[in-house]
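Below is one structure, written out as structure tokens; the observations come after it.
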Protein chains: 2
Amino acid sequence: MRIVVLAGGIGGARFLRGLLSAVPDAEITVIGNTGDDIHLFGLKVCPDLDTVMYTLGGGINEDQGWGRTDESFTVKEELAAYGVGPSWFGLGDRDFATHIVRTQMIDAGYPLSAVTEALCDRWQPGVRLLPMSDDRVETHVAVNDPETGERRVIHFQEYWVKLRASLDAEAVVPVGAEQAKPAPGVLEAIAAADVILLPPSNPVVSIGTILAVPGIREAVAQAAAPVVGLSPIVGGSPVRGMADKVLAAVGVESTASAVALHYGPGLLDGWLVDTSDADAVETVTAAGIACRAVPLMMTDTDATAAMARAALELAEQAR
Amino acid sequence: MRIVVLAGGIGGARFLRGLLSAVPDAEITVIGNTGDDIHLFGLKVCPDLDTVMYTLGGGINEDQGWGRTDESFTVKEELAAYGVGPSWFGLGDRDFATHIVRTQMIDAGYPLSAVTEALCDRWQPGVRLLPMSDDRVETHVAVNDPETGERRVIHFQEYWVKLRASLDAEAVVPVGAEQAKPAPGVLEAIAAADVILLPPSNPVVSIGTILAVPGIREAVAQAAAPVVGLSPIVGGSPVRGMADKVLAAVGVESTASAVALHYGPGLLDGWLVDTSDADAVETVTAAGIACRAVPLMMTDTDATAAMARAALELAEQAR
């Protein structure tokens with residue numbers, strides 16, 4: 001079975017771990033969001049790709065869900081001693097090595113997809129990890145400065161990590177997406193897929209960014225494979241992170257049904273909502289999307305594997 | 001008193017510490033060798049500049065004479081885990097931060113001299129540290145491959161650090177030096193100096209490289225200030241390092257007098273040899289270079305300060 005998964009960071013990575021547990025023999029291609037990439041200290045940092053790679057490769061800090069386990073922060077402290085920031089982005093020493101290798105390869109002319117493949121040589125994530133694009137896309141967020149009242153456009157990471165989404169997002173713009181091309185293999189994997197899954201990743205800044213690369217949304221919508229998503233909203237609030245903030249920016253309510261309708265029946269064939277959102281099933285089904293309510297909390301790998309199996313079952317029904 | 005010092009790495013840095021102790025109120029400009037610079041992992045590493053900066057700024061690993069104190073090697077281990085080398089160059093985590101800041105600034109368009117000044121803002125070395133040039137110069141060494149018998153040209157650091165000068169150096173070439181220009185302030189500092197000192201640094205790959213930048217040798221030779229050097233050869237062998245190997249490549253014997261004559265009376269006004277090389281005094285003096293024998297082992301700061309005072313006294317006599 002060939003499965004394509006559009007993945008953001010923590011939610012996508014944890015879902016993938018469950019999926020690999022559920023169907024260890026499946027041939028899984030992950031199309032990773034690169035819209036939260038950021039250049040820090042002259043280095044190219046790809047948080048979502050790395051979170052998937054570290055999680056599936058056994059190097060993730062399990063408690064925080066991102067970054068490396070057994071991490072130290074000597075380089076960061078030294079950079080701060082030079083007065084060089086930002087200090088709000090937590091790059092550890094182990095993590096720095098990844099960004100140094102990546103940047104060195106990119107400066108040598110390798111596209112991000114080739115770099116990602118080289119990094120995965122070490123981590124052996126058990127999936128084929130493709131960036132959504134080799135072209136630079138960096139999501140920015142427009143906010144109203146509470147002091148001046150003026151609109152400022154800031155990098156997504158500044159909004160998410162530094163400000164912790166404490167201001168309303170007035171707009172979310174994946175800068176560069178319009179000019180970006182899908183990375184080699186992305187459209188081919190979508191076309192050849194038996195199933196396409198949207199994990200409970202952020203619908204706006206993770207999966208939404210992937211779909212914003214011209215050609216990808218169309219390919220997913222037109223794929224022969226059923227497309228099944230899992231709601232990142234449980235009981236009216238994001239399971240993790242601050243997805244409600246960026247959903248509001250695109251005019252979508254933070255409900256399991258609203259997110260399904262945001263993706264739309266043109267894209268989705270099936271949608272899983274949490275058992276606590278069972279009342280959404282009717283609305284979503286009425287919109288032409290097959291829908292089931294199952295437990296959607298990724299409390300451990302077994303629970304997540306059950307979610308993955310439910311998604312695959314719904315895909316079979318929707319086929 | 002305005003003193004200009006042409007400095008390599010460890011020897012230069014330790015001499016400077018003694019000089020600062022001897023004449024704390026002097027205005028010292030250090031013209032640092034950048035010929036042993038190397039690009040590693042996409043980062044610009046300037047070992048000699050950093051050794052001076054760390055030594056005078058209190059961050060040096062005193063035992064080894066280079067690198068940072070209290071150092072860890074997490075980044076390097078992680079790079080090795082990615083299969084990315086070289087592994088023979090000991091970059092520690094604290095040190096990495098310096099190279100990251102430097103590379104980021106250079107990529108942003110700042111010349112090395114401005115970057116060095118910015119780094120020194122943190123370290124406050126008590127001297128004005130100038131790279132010999134803002135242009136890229138990297139010393140290479142020609143060796144005969146013992147297996148194939150063929151000549152290979154390798155980076156100085158590969159020769160020095162990886163091979164530990166175990167092969168004869170057939171030639172030493174500061175690649176890029178001919179096209180390099182002295183960094184801003186270098187010629188002005190030399191012209192304005194009251195004294196110019198050549199510490200017991202490597203005469204070929206440290207001071208020789210600085211003098212190879214067009215304009216610097218001429219400026220030193222023509223300066224109004226007396227030029228006094230300290231022999232890096234004591235009792236027929238280098239005090240530290242493997243200077244004999246690269247002296248042989250330029251046809252110079254490893255003796256205190258041969259090094260003085262290599263610099264020549266056109267450059268040197270005075271030369272200090274170690275008391276164990278007192279027999280060199282006559283030869284050097286006969287060549288037209290004022291010469292004295294004093295203890296030249298930099299065993300501690302006091303001993304080194306005494307060497308610095310002896311050099312300044314000889315400069316007064318040679319004036």
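The values are calculated or read from the model by the stated rules, or taken from the named source; none is laboratory data. Please read these numbers as outputs of a predicted model, since none were measured by experiment. Glycine gets a Cβ as well: all are built from the backbone with ideal geometry, and neighbour counts include every protein chain shown.
Which condition number does B:Arg164 fail, the rest of (1) at pLDDT below 95; (2) part of a helix (DSSP H, G or I) being met?
(2)
Taking A:Ala26, is it in contact with a strand residue (DSSP E or B) (Cβ under 9 Å, 6 or more places away or on another chain) and either at pLDDT 95 or above or closer than 13 Å to A:Ala311 by Cβ (or both)?
So A:Ala26 fits the description; yes.
Scan the strands (runs of 3 or more DSSP E) fully inside region B:6-93 and keep the ones with 3 or more residues being crowded, with 19+ Cβ neighbours inside 10 Å.
B:27-32, B:43-45
Answer yes or no: is there a residue in region A:190-201 that is part of a helix (DSSP H, G or I) and among the acidic types (Asp, Glu).
no
Being in contact with a Gly (Cβ under 9 Å, 6 or more places away or on another chain) and part of a loop (DSSP other than H, G, I, E, B) is the filter here; which residues of region B:227-252 pass it?
B:Pro232, B:Val239, B:Arg240, B:Gly241, B:Val250
For B:Val45, only one of the following conditions fails: (1) within 14 Å of chain A (Cβ to nearest Cβ); (2) more than 14 Å from B:Arg102 (Cα to Cα). What is its number?
Exception for B:Val45: condition (2).
Does region B:92-106 include one or more residues that are farther than 19 Å from B:Gly57 by Cα, touching a strand residue (DSSP E or B) at 6+ places or on another chain (Cβ under 6 Å) and more than 10 Å from chain A (Cβ to nearest Cβ)?
Within region B:92-106 (the criterion being farther than 19 Å from B:Gly57 by Cα, touching a strand residue (DSSP E or B) at 6+ places or on another chain (Cβ under 6 Å) and more than 10 Å from chain A (Cβ to nearest Cβ)), the answer is no, since none of the residues qualifies.
Hey, among A:Val252, A:Val246, A:Val173, which residue is in contact with a helix residue (DSSP H, G or I) (Cβ under 8 Å, 6 or more places away or on another chain) and not basic (Lys, Arg)?
Just a single option satisfies the conditions, and that option is A:Val252.
Which of the residues spanning region B:55-91 are within 11 Å of chain A (Cβ to nearest Cβ) and among the charged types (D, E, K, R)?
B:Arg68, B:Asp70, B:Glu71, B:Lys76, B:Glu77, B:Glu78
Have a look at A:Lys162, A:Lys181 and point out the one that is touching a strand residue (DSSP E or B) at 6+ places or on another chain (Cβ under 7 Å), surrounded by fewer than 17 Cβ atoms within 10 Å (Cβ to Cβ) and not hydroxyl-bearing (Ser, Thr, Tyr).
Being touching a strand residue (DSSP E or B) at 6+ places or on another chain (Cβ under 7 Å), surrounded by fewer than 17 Cβ atoms within 10 Å (Cβ to Cβ) and not hydroxyl-bearing (Ser, Thr, Tyr) holds for just one of A:Lys162, A:Lys181, which is A:Lys181.
Taking the condition modelled with pLDDT of 95 or more, within 12 Å of chain A (Cβ to nearest Cβ) and in a loop (DSSP other than H, G, I, E, B), does B:Gly126 pass?
When the stated conditions are applied, B:Gly126 does not pass them.
Within region A:265-287, is there a residue that is part of a helix (DSSP H, G or I), without any contact (Cβ under 8 Å) to a residue 12 or more places away in the chain and of a type in the set (A, V, I, L, M, F, W, C)?
Yes, some residue in region A:265-287 is part of a helix (DSSP H, G or I), without any contact (Cβ under 8 Å) to a residue 12 or more places away in the chain and of a type in the set (A, V, I, L, M, F, W, C).
Say whether the condition of being hydroxyl-bearing (Ser, Thr, Tyr), within 24 Å of B:Arg14 (Cα to Cα) and within 14 Å of chain A (Cβ to nearest Cβ) is met by at least one residue in region B:159-182.
No, the conditions are met nowhere in region B:159-182.
Which residue out of B:Ala219, B:Ala142 is hydrophobic (A, V, I, L, M, F, W, C) and over 22 Å from B:Gly264 (Cβ atoms)?
One residue alone meets the criteria, B:Ala142.
Out of the residues in region B:307-319 meeting the condition of being more than 15 Å from B:Gly12 (Cα to Cα) and of a type in the set (A, V, I, L, M, F, W, C), tell me which one is surrounded by the most Cβ atoms within 10 Å (Cβ to Cβ).
Result: B:Leu314.
Considering only region B:107-123, state which residues are among the aliphatic types (A, V, I, L, M), within 12 Å of another protein chain (Cβ to nearest Cβ) and part of a helix (DSSP H, G or I).
Listed by number, the residues that qualify are B:Val115, B:Ala118, B:Leu119.
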